[in-house]
Amino acid sequence: MKTEVLSGKGLAGMIRERAQDEARQLELRGVHPVLAVVVATDDESTLWYVRSIERSAGRAGIGCRIVDIGPDATEQVLAGVLRDLSAEASVNGIILQTPLPSGVRADNLVGLIAPHKDIDGANPLSLGRLAVGQPAFAPATARSVVEILDHFEVPTAGRNVVVVGRSAVVGKPLSLLLLAKDATVTICHSRTGELEPFTRAADVVVVAAGRTGLLTGSHVSEKTVVVDVGTNVLPDGSLVGDVDAASVSGVAAALTPVPGGVGSVTTALLLLHTTEAARQQAGVLGRPLAAGVA
Ligand code: NAD
């Protein structure tokens with residue numbers, strides 16, 4: 001059978017246009033949305049990613065301040081930066097970019113991002129609010145999966161959705177978003193053992209484990225829609241997901257590509273979340289702002 005490729009590029013473009021439109025409307029009211037990205041690494045691929053956010057923000061009319069404090073930054077310095085940005089009125093959204101210097105724990109820092117500026121849902125308060133259905137920013141990657149499913153009209157209500165991965169940034173928030181969309185959610189993880197009995201019975205499988213080739217053709221059926229969140233850099237520098245695309249293609253109903261799937265939509269959502277945060281902070285009325293919450 002032919003497996004449909006669910007590219008994220010068209011959707012990402014639509015979300016970027018929406019962010020640009022929101023930014024334009026805010027400018028008319030004297031509000032200039034600004035995203036701050038805190039970076040403390042010399043990892044080239046991370047720096048490249050951050051610059052790509054800056055470029056996309058610029059094209060959408062959103063300010064992007066890269067706060068690069070270098071790979072030797074201490075937890076104390078990072079904490080101070082996050083506190084300052086949280087208090088600064090001209091900054092609307094804050095991202096703490098990983099990886100962090102060795103010995104610095106993101107868990108000790110993300111709680112310092114003011115919840116109303118937490119546009120990538122990193123603060124545990126945001127996750128807690130998602131859990132009880134209160135307005136909060138979901139992590140952009142988790143929301144990206146839901147937006148892709150909606151865009152391609154993949155039904156979730158009453159369907160069996162398997163999420164492989166239980167991290168606080170992807171697996172857990174995504175499971176909450178899917179529950180809010182009435183899916184029957186099963187979370188698999190590193191101690192699940194055989195994935196096949198779960199994934200083969202699922203209507204939708206989302207893989208977010210960071211393991212190259214984890215999901216193969218034998219894990220899916222002809223009805224399965226597969227969303228690949230994984231991003232793994234191979235020794236030759238190329239980017240692949242967690243899905244063995246060659247073996248899943250021809251078996252599953254549909255598959256998101258890597259690159260060009262979840263990742264493209266994620267970056268666009270960071271921009272949209274920034275405009276939503278700016279709108280909320282300025283007290284400007286408009287569309288409902290509960291990002292990713294239903
Ligand atoms: P993580 O390492 O924090 O969590 C990985 C999860 O996968 C864990 O819960 C673990 O239990 C599970 N897991 C590991 N090996 C497994 C196995 N063999 N079988 C079943 N489950 C297994 O990673 P993360 O931050 O959640 O990211 C997951 C992947 O998503 C990574 O590849 C990451 O690069 C990617 N990611 C992509 C984006 C994007 O925008 N495209 C954003 C964030 C993360």
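The values are calculated or read from the model by the stated rules, or taken from the named source; none is laboratory data. This is a predicted model, so every value here is computed, not measured. Every residue, glycine among them, receives a Cβ derived from its backbone with ideal geometry; neighbour counts consider all protein chains shown. Accessible surface areas use protein heavy atoms only, side chains included; no ligands, DNA or RNA. Shrake-Rupley method; radii C 1.70, N 1.55, O 1.52, S 1.80 Å.
Given the criterion open to solvent by less than 30 Å² (accessible area, probe 1.4 Å), in contact with a Lys or Arg (Cβ under 9 Å, 6 or more places away or on another chain) and not polar (S, T, N, Q), identify the matching residue among V91, V50, V38, V104. Walk me through how you get there before you give the answer.
On the way: V50 fails: in contact with a Lys or Arg (Cβ under 9 Å, 6 or more places away or on another chain); V38 fails: in contact with a Lys or Arg (Cβ under 9 Å, 6 or more places away or on another chain); V104 fails: in contact with a Lys or Arg (Cβ under 9 Å, 6 or more places away or on another chain).
Only one candidate qualifies: V91.
Among the candidates A138, A106, A122, single out the residue that is away from the ligand (no atom under 12 Å from the Cβ) and of a type outside the set (D, E, K, R).
Values: A106 fails: away from the ligand (no atom under 12 Å from the Cβ); A122 fails: away from the ligand (no atom under 12 Å from the Cβ).
Exactly one residue qualifies, and that residue is A138.
Filter segment 166-217 down to the residues that are near the ligand (Cβ under 8 Å from one of its atoms) and part of a helix (DSSP H, G or I) and list them by number. Result: G171, single match. Go over the candidates Q134, Q76 one by one and state the one that is more than 22 Å from V37 (Cβ to Cβ), surrounded by fewer than 18 Cβ atoms within 10 Å (Cβ to Cβ) and outside the structural domain of G230 (by TED's automatic domain parsing). Among Q134, Q76, only Q134 is more than 22 Å from V37 (Cβ to Cβ), surrounded by fewer than 18 Cβ atoms within 10 Å (Cβ to Cβ) and outside the structural domain of G230 (by TED's automatic domain parsing).
Taking the conditions exactly as written (within 12 Å of the ligand (Cβ to nearest atom), touching a residue at least 24 places away in the same chain (Cβ under 8 Å) and assigned by TED's automatic domain parsing to the domain that holds S167), does A253 satisfy them or not? Judged against the criteria, A253 is not a match.
Take the conditions (1) among the charged types (D, E, K, R); (2) at pLDDT 95 or above; (3) open to solvent by 30 Å² or more (accessible area, probe 1.4 Å); E276 misses just one of them, which is (3).
Mind listing just one residue for me: the one in segment 1-23 that is basic (K, R) and within 21 Å of the chain's Cα centre (by Cα) and, of those, surrounded by the fewest Cβ atoms within 10 Å (Cβ to Cβ)? Checking each candidate, the answer is K9.
In the list L109, L26, which residue meets the criterion of being out of contact with any Ser or Thr (no Cβ under 9 Å at 6 or more places or on another chain) and crowded, with 18+ Cβ neighbours inside 10 Å?
On the way: L26 fails: out of contact with any Ser or Thr (no Cβ under 9 Å at 6 or more places or on another chain).
Answer to the check: L109.
Which of the residues belonging to segment 113-128 are open to solvent by 20 Å² or more (accessible area, probe 1.4 Å) and in contact (Cβ under 8 Å) with a residue 60 or more places away in the chain? Hits for segment 113-128 are H116, D120. Considering segment 221-242, the residues that are assigned to a loop (DSSP other than H, G, I, E, B) and free of Cβ contacts under 8 Å to residues at least 24 places away in the same chain include one that is nearest to the ligand (Cβ to nearest atom), namely L234. For segment 198-233, a residue qualifies if it is of a type outside the set (A, V, I, L, M) and open to solvent by less than 50 Å² (accessible area, probe 1.4 Å), and the qualifying residues are T199, D203, G210, G213, T216, G217, H219, S221, T224, D228, G230, N232.
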